[in-house]
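Novice: Below you will find the structure I want to go over with you.
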Amino acid sequence: MSTTKATPPIHTPQSVIWGILAVSALASLFLCWLVYIHPPADAAGTTLRFLPALNAVFNAISAAALLVGFNYIRLRRIREHRAAMFVAFIFSTLFLVSYITNHALHGESHLPIPHTGGLWHAYISLLISHILLSIIALPMILITFFLSLTERFPQHRAIARYTFPIWLYVSVTGVIVYLMQAAIK
């Protein structure tokens, strides 16, 4: 009888990445269901009415942290870069929790804007690009973090070149979409 302990199975990077993609797809499907199918718990919007503004604040802080982190990596200040990226990740996560809460309570808000004209086309173009890129951003962010945390820095750098601008775009356009909605209401 052997007294050696069995080692737990080691997850390959590919299996973790496939797991991240699966979780991201499920999260996107859940959000689609929540926003467009699920009946809101508080359709009148009387509970936690501040959530859309809070979402914009979380997005703005995330965008600022992304820019600070980008500056730090250009200066090769790795520790500060990592801290800034964690701040961006934390505020993006807070945004997601707040966004889910807002849509569970209030559902999708419908704007009282005519569906014609330049303002509508600008808004809907921005909103569609924001939504589509946010779906892409989620797995990219998680994979980029996984590669960094497992010290796979060449792969991390390779994907971060694409993750950063997409994540920044989604964060900034989230604020712009909120401001456009707030101005219209």
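Novice: Once all Cα-Cα distances of the range 17-154 are split into 5 Å bins that start at 0, what whole-number percent is in each one?
Specialist: Calculated over all Cα pairs of the range 17-154, the distribution is 2, 9, 14, 18, 19, 16, 10, 7, 4, 2, 0 percent.
Novice: Picking from ASN59, THR163, ILE176, whose Cα lies most toward the positive end of the charge dipole for the range 52-185 (charges on Cβ: Lys, Arg +1; Asp, Glu -1)?
Specialist: THR163
Novice: Separation between the ARG161 and ARG77 pseudo-spin-labels, each 7 Å from Cα along Cα→Cβ, expressed in nm?
Specialist: Calculated label separation equals 2.5 nm.
Novice: A further question on this structure: What part of the accessible area of the chain, given as a whole %, is carbon or sulfur when the probe is 1.4 angstrom?
Specialist: The computed percentage sits at 71.
Novice: Stretch VAL57-ILE176 to full length: gain in nm at 0.36 nm per residue minus the Cα-Cα span?
Specialist: 41.7 nm
Novice: Could you give me the ³J(HN,Hα) list for the range 29-39, computed from phi with Karplus coefficients 6.51, -1.76, 1.60 and θ = phi - 60°, whole Hz, x at Gly and Pro?
Specialist: Rounded to whole hertz, the list is 5, 4, 5, 4, 4, 5, 6, 10, 10, 4, x.
Novice: List the extent of the Cα atoms of the range 133-174 along each of their three principal axes, largest first, rounded to whole Å.
Specialist: 31, 14, 12
Novice: When averaged across all projection directions, what area in nm² does the alpha-carbon convex hull of the range 17-62 cover?
Specialist: The number I arrive at for the range 17-62 is 4.5 nm².
Novice: Give me the accessible area per residue for the chain, probe 1.4 Å, as a whole number in Å².
Specialist: Accessible surface, normalised per residue, equals 63 Å².
Novice: Roughly what % of Cα-Cα distances in the range 82-185 sit above 16 Å, to the whole percent?
Specialist: Tail of the P(r) past 16 Å holds 64 percent of the pairs.
Novice: Run the numbers for THR101 and TRP18: contour at 0.36 nm per residue of separation, minus the present Cα-Cα distance, in nm.
Specialist: 27.1 nm
Novice: A further question on this structure: Please state the relative contact order of the range 22-100 as a whole percent: Cα pairs under 8 Å, 6+ residues apart?
Specialist: Once normalised by length, the contact order is 34 percent.
Novice: Let me ask you something else. Based on the alpha carbons, how large is the Rg to Rh ratio for the range 64-111 when Rh follows Kirkwood?
Specialist: 1.26
Novice: A further question on this structure: Can you pull the Rg over Rh of the range 102-162, Cα-only, Kirkwood?
Specialist: Result for the range 102-162 is an Rg/Rh of 1.22.
The values are calculated or read from the model by the stated rules, or taken from the named source; none is laboratory data. Since we're looking at a predicted model, the values are computed, not measured. With ideal geometry, Cβ positions are generated from the backbone for all residues, glycine too; neighbour counts draw on all protein chains shown. Each accessible area value is taken on the protein alone, full model and side chains, heavy atoms only, with ligands, DNA and RNA left out. Shrake-Rupley method; radii C 1.70, N 1.55, O 1.52, S 1.80 Å.
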